[in-house]
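Written out below as structure tokens is the structure these notes cover.
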Amino acid sequence: MCGIIGIVGSASVADRLVDGLRRMEYRGYDSAGLCTLHEGTLVRRRAEGKLANLARVLEADPAPGHVGIAHTRWATHGAPTAANAHPHATGEVAIVHNGIIENFKELRAELAAQGRLFESETDSEVVAHLISAEIERGADPLEAVRDVLPRLRGAFALAIAFRQHPDLLIGARLGSPLVLGYGPEGEEPEMYLGSDALALAPLTQRITYLEEGDWVVVRRDGAQIYDSENNPVTREIRASGASAAAVEKGNYRHFMQKEIYEQPTVVAQTLASYLRRSDNSVALPQMDVDLSQVRRLTIVACGTSFYAGMVAKYWFEQFARVPVDIDVASEFRYREPVLEEGGLALFISQSGETADTLAALRHCKANGQTIAVVVNVPTSTMAREADLLLPTHAGPEIGVASTKAFTCQLAVLAALAAHMAVKKGRLTRDEESLIVRHLLEAPAALNAALDHDEDIAAMAPLIAPARDVLYLGRGQDYPLALEGALKLKEISYIHAEGYAAGEMKHGPIALIDEAVPVVVIAPSGPLFEKTVSNMEEVRARGGQVVLISDAKGLEAAGEGCIATIEMPVVHPLIAPLVYAVPVQLLAYHVALVKGTDVDQPRNLAKSVTVE
Ligand code: M6R
């Protein structure tokens, strides 16, 4: 979603602002802009579409100045046009905003009644006008921002520049992330604002994560942070650890491809921090939570993270015999879930900033739940609000389509389910040891799955012309069918649906004809024959089946399929991690055939920070 960067610099900022925006491209956007301060004027440049368009505008019409703010916009209110692109400016102030101002209609009506003219359809522009109105009434910038912030309902990260104050930016956050960066020591002083540490990576490694409700007055030589009650506060300065190289593709064609290939390594890294090889036991971080007392588990997440939770439901129920409720975050709060005092609620997120998941987390916290979070960004809001933090160690995931975060989430969730089972006395030491040994086989099995990349690339042209594709799976392969369909839709724009294989006869089988490829995920094992029966029902109606299975499964049922994808023989526990690879690669290669924008598919944002 929208990305923000601001620099109070000691040298020209326009190029560095665009460079920062480039590092936030992965968040998803459809227009961009910047505003610098130069000789008492606000110099604004904006463009629809990709950053290359903004770069062209700047080439024709540069924006000089040592202070500036910039923004990539993912449209919510108003089309992705240059007029709706940020920064929004009046004569006195320019602002960039990430989030949604929910009460913008009433604020806009009030401002319009005062004779203020709006030039965009956005919710964000009201912020520029509200602050401007205060300044025109004689307030200084601090007073103006302090008085306006409580009037905004919704979510915001803001960076604000003031025409008459060439050494000042003000930032604020509520519900959307914002970090403050301190210029490198020993150099000319500079200060920065950014949506995330990656945006600031080449500028500085010294950063402060602003807390909910914080606002900050940023000058060239330092900053003062205020909390939501306007008290001056000190927040920790940390080493960000974000590396500019993390946002490089290396020898890969796309970030998605790079991230698919990183899975053996990052899953191994993740497992290494949850499993003890010396005695083949699960070793979770120190925690105040007594897992032996958990009577019910509530899992909440969105998208791919939700599907990881669906797989984990099988594990928590099978190993720990704990009943699991699972829901997508956008529905969870609104169905008035029954949350028993003292329950455990588990949130899964790559970014740790997804607005719906965060809102659900806060709802659970307010209702007496202990909060466990499986998250890939350890400095994210969800990580900071967790009682039990369970990091995945996938490293920055840049491709919009989540891949390595998913398999790392599965690794952590399997370890957590086994640990809970041990604490509840449901697993013997031998059983725990066996589970750990199977999990430790995952990285090698992921490598073996990647060996089939070329075969999958070769069959992608069979799928690419389809209008609709179905994915089928049973048991823990059902969430994988959903994940396969999601991957295909989001990057190839082909309509795809995942179904529980046994559900086909209850409606979806009516969709089957020669034009609908059906991808069947069926490792050999206890459910194999039942899934194959469903597959035969599809084939009997002309359905074009692609079977993903191991050698044994392909030998038993591969004949007559339009294509098969062979996976290594693996224990059922790690099958969801291993079978994630072919569904990711299939989507990737189909997208290549179709020529879509793999890493930044249309309409999508990497981190969905609005509800
Ligand atoms: O950062 P999160 O894991 O909370 O994000 C959840 C979804 O937005 C995300 O998984 C989305 O569905 C991906 N684009 C799927 O590839």
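Shape of segment 1-120 from the C-alpha gyration tensor: oblate (a/c of 1.5 or more and a/b not above b/c, with a ≥ b ≥ c the square roots of its eigenvalues). Full extension of the chain between residue 279 and residue 529 gives 86.4 nm of extra length, using 0.36 nm per residue less the Cα-Cα distance.
Note on residue 427: accessible area approximately 30 square angstrom, rounded to 10, probe 1.4 Å, nucleic acids and ligands left out. Rounded to the nearest 0.05, the FRET efficiency derived from the C-beta distance between residue 137 and residue 79 at R0 = 30 Å is 0.35. Of 310, 420, the order by accessible heavy-atom surface (1.4 Å probe, DNA, RNA and ligands excluded), from most exposed downward, is 310, 420.
Going from most exposed to least, what order do 392, 81 have by accessible area with a 1.4 Å probe?
From most exposed to least exposed: 81, 392.
Rolling a 1.4 Å probe over the protein heavy atoms of the chain, with every protein chain left in place, gives an accessible area that is 48 percent carbon and sulfur. Put a dot 7 Å past the Cα of residue 505, heading toward its Cβ, do the same for residue 431, and the two dots end up 3.3 nm apart. Applied to segment 27-32, the Karplus parametrisation 6.51 cos²θ - 1.76 cosθ + 1.60 on θ = phi - 60° returns per-residue 3J(HN,Hα) values of 5, x, 6, 9, 7, 8 Hz, with x for Gly and Pro. Taking the centroid of alpha carbons for each part, segment 253-310 and segment 58-94 are 40 Å apart.
Inter-label distance, residue 387 to residue 455: 4.7 nm, where each label sits 7 Å from its Cα along the C-beta direction.
In sequence order, segment 532-546 has phi-based couplings of 5, 4, 5, 5, 5, 4, 5, 5, 4, 9, x, x, 9, 9, 10 Hz under the Karplus curve 6.51 cos²θ - 1.76 cosθ + 1.60, θ = phi - 60°, and Gly or Pro positions carry x. When all protein chains stay in place and ligands, DNA and RNA are ignored, the 1.4 Å accessible-area order of 74, 215, largest first, is 74, 215.
May I ask for the percentage of alpha-carbon pairs in the chain that lie more than 33 Å from each other? Looking at the chain, the distances longer than 33 Å represent 48 percent of pairs. Listed by chain and number, the aspartates and glutamates whose alpha-carbon sits under 13 Å from that of residue 424, ignoring those within fewer than 8 places in the same chain, are 290, 317, 432. Take 566-572, 454-460, 166-172, 582-588 and order them by the average number of nearby Cβ atoms within 10 Å per residue, most first; the result is 582-588, 166-172, 566-572, 454-460.
Separation of segment 404-428 from segment 558-580 is 22 Å, based on Cα centroids.
At full extension, residue 444 and residue 187 could sit 87.9 nm farther apart than now, given 0.36 nm per residue minus the alpha carbon distance. Straight-line reach from residue 423: taking Cα to Cα under 23 Å and skipping same-chain neighbours fewer than 8 places apart, the lysines in range are 313. Using heavy atoms of the protein chains and a probe of 1.4 Å, the accessible area assigned to residue 117 is about 150 Å².
Among residues other than residue 247 with Cβ under 10 Å from its Cβ, the summed charge is +1 (Lys and Arg +1, Asp and Glu -1). Which FRET efficiency value, to the nearest 0.05, is calculated for residue 551 and residue 265 with the Förster distance at 41 angstrom and r the Cβ-Cβ distance? My answer for the efficiency is 0.95. The distance between label points at residue 594 and residue 536 comes to 3.3 nm (points 7 Å beyond Cα on the Cα→Cβ vector).
The values are calculated or read from the model by the stated rules, or taken from the named source; none is laboratory data. A quick note: this is a predicted structure, and the numbers were derived from the prediction, not measured. Every residue, glycine among them, receives a Cβ derived from its backbone with ideal geometry; neighbour counts consider all protein chains shown. Heavy atoms of the whole protein, side chains included, go into the accessibility calculation; ligands, DNA and RNA do not. Shrake-Rupley method; radii C 1.70, N 1.55, O 1.52, S 1.80 Å.
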